[in-house]
Amino acid sequence: MEETKGFYDFCIPYNKDEKLMKEICNELVELGYKTIAIEQVFDHSKKENVKRAADIFPEPVNIKWLQEAFKNKLKILQRLTIIYMDVAVAHAMGNSLNLKKYNLVAGQPKTDAVLTHCCTTFNGDIVTFDSQAGGRLYVNRKAYQVAVKRGIFFEIKYSPLIVDSNFRKDIIKVAHNYFVRGKSKSIIISSGATNPFELRGPYDVANLSFIFGLSEDQGKCAIDRFCRQLFLRAESRRIGKTIMFVKSTGPIVFSDSSSSEGEEEEDEIPTIAEKEEEDVIKFSKSSDSEQNGDSEDDEDEEQPNKKKKLS
C-alpha cells in the first residue's frame with residue numbers, strides 16, 4: 001500500500017501544459033501539501049462516449065515525468081471524475097479494467113435521481129458537483145446517511161468560490177445542504193485550481209471551512225484525516241481482497257536479560273505440583289509425630305503400672 005502524508009488536495013485538474021503543471025505543484029509544495037491527485041474528467045452523458053465497447057473509460061494519462069520531478073516532495077495520485085446522468089454507468093464501471101488503474105474515482109451527477117444513485121449504489125469514492133449547476137441539486141437525508149455508512153465522501157471545491165461570486169452562492173448552497181441533511185459528515189475540501197493563483201494554504205482552507213458550516217475540527221479533518229481515510233477506502237475498493245505476508249528484513253535478537261529474569265521468576269514462584277508435594281510431606285510428618293506422641297504417652301502410662309506390680 002502506498003504511503004501518504006498530509007496535507008491533501010485531491011482535485012488538481014490535468015493540463016497538457018507541462019510548465020503550468022509544474023508551477024502548480026511547486027506552489028503546492030511551498031504551501032505545505034504532501035499528497036495531491038491529478039484529475040481527469042470523463043463525460044458519460046455524451047452520446048459519443050456511451051458506446052458498446054469492452055472498456056469505455058480512458059486509461060490514465062502518463063504523469064511519470066511529474067512524479068519523478070517531485071519524487072521526494074509530493075505524492076501524486078491519479079483520479080477520474082465521471083459525469084453522468086444515467087444509472088447504466090454502473091454496468092460499465094463493473095466491466096472496466098482501466099478504472100482500477102486510478103487511485104480515486106469520483107462521481108458528478110447531473111440530476112437529483114442520479115445524485116441519490118451516486119450516494120447509494122455508485123462504486124466510487126467521492127461525490128462531487130458542478131460548480132456552475134451544483135446549487136440546483138439537493139441530496140436527501142436518507143441518501144446522505146447511506147453514503148456515509150458506505151464510506152463515500154462529499155467534496156467541496158474552493159477555487160470557484162474565489163473566482164466568481166455566482167459560483168460562490170452555489171457552493172455555499174451545496175455546503176448548507178450537506179449541513180442540514182447530514183451535519184456535514186464525511187466532507188473533504190479540494191481546490192480544483194487551474195492555476196497557482198487559485199491555491200490557498202491548508203490553514204487558510206481550514207478557516208475557510210467556517211463558511212461551509214463546518215466546525216473547527218471538521219475543517220482540519222477535511223484536508224487531512226478524512227482524506228487519509230478516503231485513500232485507504234479507495235485502495236481497498238481498487239485492490240479487493242488480498243493476502244498479506246510479513247517478512248523480517250534482519251535477524252531476530254532475543255535479549256539474555258529477559259531470559260535470566262524469567263528463570264529467576266520461575267525459581268521464585270513454585271508450581272502447583274511442588275505445592276502439593278510440600279503439603280503431602282508436611283501432612284505425613286505431622287501424622288508421624290502424632291503417632292509417636294501417642295506411643296510415648298502409652299509407654300509413660302505403662303511404666304507406673306509396672307512399678308506398682310514390682311512393689
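When you check PHE154 against the structure, is it open to solvent by 10 Å² or more (accessible area, probe 1.4 Å) and either over 23 Å from TYR33 (Cβ atoms) or hydrophobic (A, V, I, L, M, F, W, C) (or both), yes or no? Here the answer is no, as PHE154 does not meet what is asked.
Are any residues in the range 136-170 closer than 14 Å to ALA193 by Cβ and part of a helix (DSSP H, G or I), and if so, which ones? Scanning the range 136-170 gives SER159, PRO160, LEU161, ILE162, VAL163, PHE167.
Taking (1) β-branched (Val, Ile, Thr); (2) buried (at least 16 other Cβ atoms within 10 Å of the Cβ); (3) modelled with pLDDT of 85 or more in turn, VAL61 satisfies each apart from (2). Do the conditions hold for ASN166, that is, is it surrounded by fewer than 23 Cβ atoms within 10 Å (Cβ to Cβ) and over 22 Å from TYR102 (Cβ atoms)? The answer is yes for ASN166. Quick check, is ARG237 in a helix (DSSP H, G or I) and at pLDDT below 90? The answer is yes for ARG237. In the range 194-237, the residue that is least open to solvent (accessible area, probe 1.4 Å) out of those that are among the polar types (S, T, N, Q) and under 17 Å from CYS25 (Cβ atoms) is ASN195.
The values are calculated or read from the model by the stated rules, or taken from the named source; none is laboratory data. As the structure is a prediction and not an experimental result, all values here were calculated from the model. Don't worry about glycine lacking a Cβ; one is built from the backbone with ideal geometry, like all the others, and counts go over all protein chains shown. When the accessible area is computed, the model is the full protein with side chains, heavy atoms only, and any ligands, DNA or RNA have been set aside. Shrake-Rupley method; radii C 1.70, N 1.55, O 1.52, S 1.80 Å.
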